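Below you will find the structure I want to go over with you.
The values are calculated or read from the model by the stated rules, or taken from the named source; none is laboratory data. Everything numeric here is computed off the predicted structure, so don't read it as measured data. Every residue, glycine as well, gets a Cβ built from its backbone with ideal geometry; the counts of neighbours run over all protein chains shown.
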Amino acid sequence: MKKFVIAVSAIALATTAAFADVIADRKAVMKENGRQVGVLVKMVQGEADFDAAAVMAALTKLNENVQAIDVAASFPPGSDKGDTTASPKIWEDMAGFQAEVDKFKAVTAEAAAAPAQSLEALKPQVAAIGQSCSSCHETYRIKKG
């Protein structure tokens, strides 16, 4: 019986640790996405000078991160528990969530394929990226505070 309790405890601990890693991984991706979008937003808001090379680098990195998102691997059942702002709606409507991620993938791929060469061209790209982020976060993220 003692061995059984230890085995069950070990499995529970491993499962908890695995979900913690999944949560940490997806938080790291989102944080990196925020950094890259931040580079672009600063230019659009006039807080930084337009820099075509920086735009290309930010869009390339953002697109790489977004294209690598695997909803099933990043949001497995049970990973809604713990230190996360992922809404339970993700697991209630996985198809809707996947559709939002797919839209984000399309928007970032389009922007990365034709990085803006001017501030005026960057504005609609940033608006489209921001709209996609907001649309998903509105439904599938728990608001902080």
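Could you tell me whether segment 45-62 includes any residue that is under 11 Å from the mean Cα position of the chain (by Cα) and modelled with pLDDT of 95 or more?
Yes, there is a match, as at least one residue in segment 45-62 is under 11 Å from the mean Cα position of the chain (by Cα) and modelled with pLDDT of 95 or more.
Right, another one. Restricting attention to helices (runs of 4 or more DSSP H) lying wholly within segment 16-124, give those where 2 or more residues are within 27 Å of LYS144 (Cα to Cα), in contact (Cβ under 8 Å) with a residue 60 or more places away in the chain and not basic (Lys, Arg).
Hits in segment 16-124: 52-67.
Report whether or not LEU40 is under 16 Å from the mean Cα position of the chain (by Cα) and either at pLDDT 95 or above or under 16 Å from PHE104 (Cβ atoms) (or both).
For LEU40, the condition - under 16 Å from the mean Cα position of the chain (by Cα) and either at pLDDT 95 or above or under 16 Å from PHE104 (Cβ atoms) (or both) - is not met.
Kindly indicate whether MET56 is aliphatic (A, V, I, L, M), surrounded by fewer than 16 Cβ atoms within 10 Å (Cβ to Cβ) and either closer than 17 Å to ASP25 by Cα or in contact with a Pro (Cβ under 7 Å, 6 or more places away or on another chain) (or both).
yes
Does GLN45 satisfy the condition of being out of contact with any Ser or Thr (no Cβ under 8 Å at 6 or more places or on another chain), among the polar types (S, T, N, Q) and surrounded by 14 or more Cβ atoms within 10 Å (Cβ to Cβ)?
Judged against the criteria, GLN45 is not a match.
From LYS89, LYS105, LYS61, LYS123, which residue is surrounded by 12 or more Cβ atoms within 10 Å (Cβ to Cβ), farther than 24 Å from ALA24 by Cβ and basic (Lys, Arg)?
Just a single option satisfies the conditions, and that option is LYS123.
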